[in-house]
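J.: The following block contains the structure, expressed as structure tokens.
The values are calculated or read from the model by the stated rules, or taken from the named source; none is laboratory data. The structure presented is a predicted model; accordingly, all values stated were derived computationally and were not measured. Glycine also receives a Cβ, built like all others from the backbone with ideal geometry; neighbour counts cover every protein chain displayed.
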Amino acid sequence: MKLERILLPVDKSDCSIKATQYALSYAEQFGSTIHLLHCHKPVFCFNGEKEFNKVKARIYSKAETCIEVYRKLCEERNVPHEEIILEPPASKAIIDTAKEMKADIIIMGSSGKSDFKGLLEGSVTHKVIHMAECPVLVINHHVSATEESEMAKVS
């Protein structure tokens, strides 16, 4: 099994932090590069181009702030990484990016939407699992720190 390219979609959730710990462990063990992917909020503005550019700059600034947390985690463990910031919808961005970069695996957190709510809205995780062309490892919100540490060890 080769894991040269790990796609790690991230946001500001605890689940993303947990998924990052897994991705870092895999990257260290396999010599992988982590590709951090963050989808910013949609840019909506109807007050002209000048205001649109201001709103867009604020949104990109927030996206940079979000991804900075994960950048530092990669740097602390000397794991090679790249950063990608894209527009929504997140599921399409993840699936398309994985295909374009020929990801060996997608490691992502799941916020734990209820089955009913996920069925109605269609969760990002659900869409990625069913449409990605590579394996997807989902770290759910129930994983404790102890389990996380043990499960992240790959033999």
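J.: Here's a check for you: in the range 42-71, which residue that is of a type outside the set (Val, Ile, Thr) and assigned to a loop (DSSP other than H, G, I, E, B) is nearest to Thr125 (Cα to Cα)? I'd like the intermediate steps shown before the answer.
T.: Here is the first cut: in the range 42-71, the ones of a type outside the set (Val, Ile, Thr) are 42, 44-54, 56-58, 60-64, 66, 68, 70-71.
Okay, now just the ones that are also assigned to a loop (DSSP other than H, G, I, E, B), so 42, 44-48.
Numbers: Pro42: 19, Phe44: 25, Cys45: 28, Phe46: 31, Asn47: 34, Gly48: 35 Å.
Selected residue: Pro42.
J.: Being assigned to a helix (DSSP H, G or I) and surrounded by fewer than 16 Cβ atoms within 10 Å (Cβ to Cβ) is the filter here; which residues of the range 72-100 pass it? Can you show your working first?
T.: The initial filter retains those residues of the range 72-100 that are assigned to a helix (DSSP H, G or I), namely 72-76, 90-100.
Lys72, Glu75, Glu76, Asp96, Lys99, Glu100, listed by residue number.
J.: Just to be sure I understand, how many residues within the range 77-91 are more than 19 Å from Glu64 (Cβ to Cβ) and either touching a helix residue (DSSP H, G or I) at 6+ places or on another chain (Cβ under 6 Å) or touching a residue at least 24 places away in the same chain (Cβ under 8 Å) (or both)?
T.: Initially, the range 77-91 is screened for residues more than 19 Å from Glu64 (Cβ to Cβ), giving 77-80, 89, 91.
Next, from what is left, pick out any that are either touching a helix residue (DSSP H, G or I) at 6+ places or on another chain (Cβ under 6 Å) or touching a residue at least 24 places away in the same chain (Cβ under 8 Å) (or both): 77, 79-80, 89, 91.
Residues meeting the conditions: 5.
J.: Of all residues in the range 38-72, count the ones that are more than 18 Å from the chain's Cα centre (by Cα) and in contact (Cβ under 8 Å) with a residue 24 or more places away in the chain. Walk me through how you get there before you give the answer.
T.: Taking the range 38-72 as the starting set, the residues that turn out to be more than 18 Å from the chain's Cα centre (by Cα) are 43-58.
Next, only the ones that are in contact (Cβ under 8 Å) with a residue 24 or more places away in the chain stay: 43.
Residues in the range 38-72 being more than 18 Å from the chain's Cα centre (by Cα) and in contact (Cβ under 8 Å) with a residue 24 or more places away in the chain: 1 in total.
J.: Out of all the residues in the range 11-28, which are of a type in the set (A, V, I, L, M, F, W, C) and either more than 20 Å from Ile95 (Cβ to Cβ) or at pLDDT 95 or above (or both)? It would help to see each step written out before you state the result.
T.: Step one: list which residues in the range 11-28 are of a type in the set (A, V, I, L, M, F, W, C), which gives 15, 17, 19, 23-24, 27.
Of everything in the range 11-28, those that are of a type in the set (A, V, I, L, M, F, W, C) and either more than 20 Å from Ile95 (Cβ to Cβ) or at pLDDT 95 or above (or both) turn out to be Ile17, Ala19, Ala23, Leu24, Ala27.
J.: Turning to a different aspect of this structure: Is it fair to say Lys117 is farther than 15 Å from Ser13 by Cβ and at pLDDT below 75?
T.: Yes: the conditions hold for Lys117.
J.: Here are Leu37, Leu24, Leu8, Leu3: which of them is in a helix (DSSP H, G or I) and either aliphatic (A, V, I, L, M) or surrounded by 14 or more Cβ atoms within 10 Å (Cβ to Cβ) (or both)? Steps first, answer last, please.
T.: On the way: Leu37 fails: in a helix (DSSP H, G or I); Leu8 fails: in a helix (DSSP H, G or I); Leu3 fails: in a helix (DSSP H, G or I).
Of Leu37, Leu24, Leu8, Leu3, the one residue that is in a helix (DSSP H, G or I) and either aliphatic (A, V, I, L, M) or surrounded by 14 or more Cβ atoms within 10 Å (Cβ to Cβ) (or both) is Leu24.
J.: Another question about this same structure. Output yes when any residue across the range 61-82 is among the polar types (S, T, N, Q), in contact with a strand residue (DSSP E or B) (Cβ under 8 Å, 6 or more places away or on another chain) and at pLDDT 90 or above, and no when none is. Before you say what the answer is, go through the steps one by one.
T.: In the first step, residues of the range 61-82 are kept if they are among the polar types (S, T, N, Q); the result is 61, 65, 78.
Pick out the ones that are also in contact with a strand residue (DSSP E or B) (Cβ under 8 Å, 6 or more places away or on another chain) and you get none.
Within the range 61-82 (the criterion being among the polar types (S, T, N, Q), in contact with a strand residue (DSSP E or B) (Cβ under 8 Å, 6 or more places away or on another chain) and at pLDDT 90 or above), the answer is no, since none of the residues qualifies.
J.: So Gly31 ticks every box in (1) modelled with pLDDT of 95 or more; (2) surrounded by 13 or more Cβ atoms within 10 Å (Cβ to Cβ) but one. Which box is left unticked?
T.: (2)
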